[in-house]
Amino acid sequence: MALLDRKPFALTTDLVIFAFDSEQLRLLLIRRAKEPFSNRWALPGGFLEPNETLDDCAERELIEETGLQLRHLEQLAAFSRPGRDPRGDVVSVAYLALVRANEQTLQAGSDAAEAAWHDINALPSLAFDHDEIVATGRRRLAEALYTTTSAFKLLPDSFTLGEAQRAFEAVAGEPIDKRNFRAWLQNKAPLRETGEARRGQHRPAKLYKLVEGKDNQ
């Protein structure tokens, strides 16, 4: 079959952006202002424009719809199930990123009526096949939990060991044994004490930083 005889399809990007608010893992969603699925919540994203790479498309759509500007987006997977988009044959390339919730200011724009963080365990009904994309992103995040230091991107620059454990538990979706977690930190995560402490109702907790280096992923 000649190339020009093949059935055309459109390309989009969708973005799975996770954040941690000290208690819950949260997902960035936009409320659609246009059909299809007007007024439904969805992942940020949109169509690839002429002379644009997929990476550029993902960065542009994220800025236009949420106001976030991120330069470290990881390609997650492609989604091509027939009928996934009522507008026609549309293949979506999804991207994944982790951010610090308290450092981000959201500003809805383009065809997004609203942008907001949602508790990953209490998501609204999502447009298209975005529930499948979110599930894939969460699996990828959980699979990398103990093989990389990527989960530390959810934490502030300085954090307590208790805060780190809560972030890891939010990603894992289950409690983690404290002794096992501390042993993993000691053996696998390059941390250093900052010399400062977080003060609260209980005794001060030491603050740590992740040591940036070539082994961090």
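Miscellaneous remarks
- Residue in segment 193-203 that is in contact with a Lys or Arg (Cβ under 8 Å, 6 or more places away or on another chain) and part of a helix (DSSP H, G or I) present: no
- Within segment 101-118, restricting attention to residues that are in contact with a helix residue (DSSP H, G or I) (Cβ under 9 Å, 6 or more places away or on another chain) and part of a loop (DSSP other than H, G, I, E, B), the residue that is farthest from Arg60 (Cα to Cα) is Gln104.
- Long-range neighbours under 7 Å by Cβ, at least six apart or interchain, first residue outside any helix (DSSP H, G or I) within segment 178-189, second among the hydroxyl-bearing types (Ser, Thr, Tyr) and at pLDDT below 95: Ala189/Thr149
- Residue selected from segment 176-210 under the condition under 14 Å from Thr160 (Cα atoms) and of a type in the set (A, V, I, L, M), by the criterion modelled with the lowest pLDDT: Ala189
- Selected residue (only one of Glu174, Glu163 is surrounded by 18 or more Cβ atoms within 10 Å (Cβ to Cβ) and charged (D, E, K, R)): Glu163
- Here Ala170 meets each of (1) within 16 Å of the chain's Cα centre (by Cα); (2) of a type in the set (A, V, I, L, M); (3) at pLDDT below 95; (4) over 21 Å from Glu61 (Cα atoms) with one exception, condition (3).
- Close pairs (8 angstrom Cβ cut-off, 6 or more residues apart or separate chains): within 21 Å of Leu70 (Cβ to Cβ) in segment 141-165, of a type outside the set (A, V, I, L, M, F, W, C) and buried (at least 21 other Cβ atoms within 10 Å of the Cβ) anywhere: Phe159/Tyr208
- Across segment 119-136, the qualifying residues are those that are among the small types (Gly, Ala, Ser) and not in a helix (DSSP H, G or I), and the one among them that is surrounded by the fewest Cβ atoms within 10 Å (Cβ to Cβ) is Ala122.
- Scanning segment 47-63 for residues that are under 13 Å from Ala10 (Cβ atoms) and either of a type in the set (A, V, I, L, M, F, W, C) or crowded, with 20+ Cβ neighbours inside 10 Å (or both) turns up Phe47, Leu48, Leu54, Cys57.
- Qualifying residue in segment 40-56 (condition: under 19 Å from the mean Cα position of the chain (by Cα), more than 23 Å from Trp117 (Cα to Cα) and not acidic (Asp, Glu)): yes
The values are calculated or read from the model by the stated rules, or taken from the named source; none is laboratory data. Note that the structure is predicted; figures quoted are calculated from it, not measured. Counting neighbours? That spans all protein chains shown, and the Cβs are built from the backbone with ideal geometry, glycine included.
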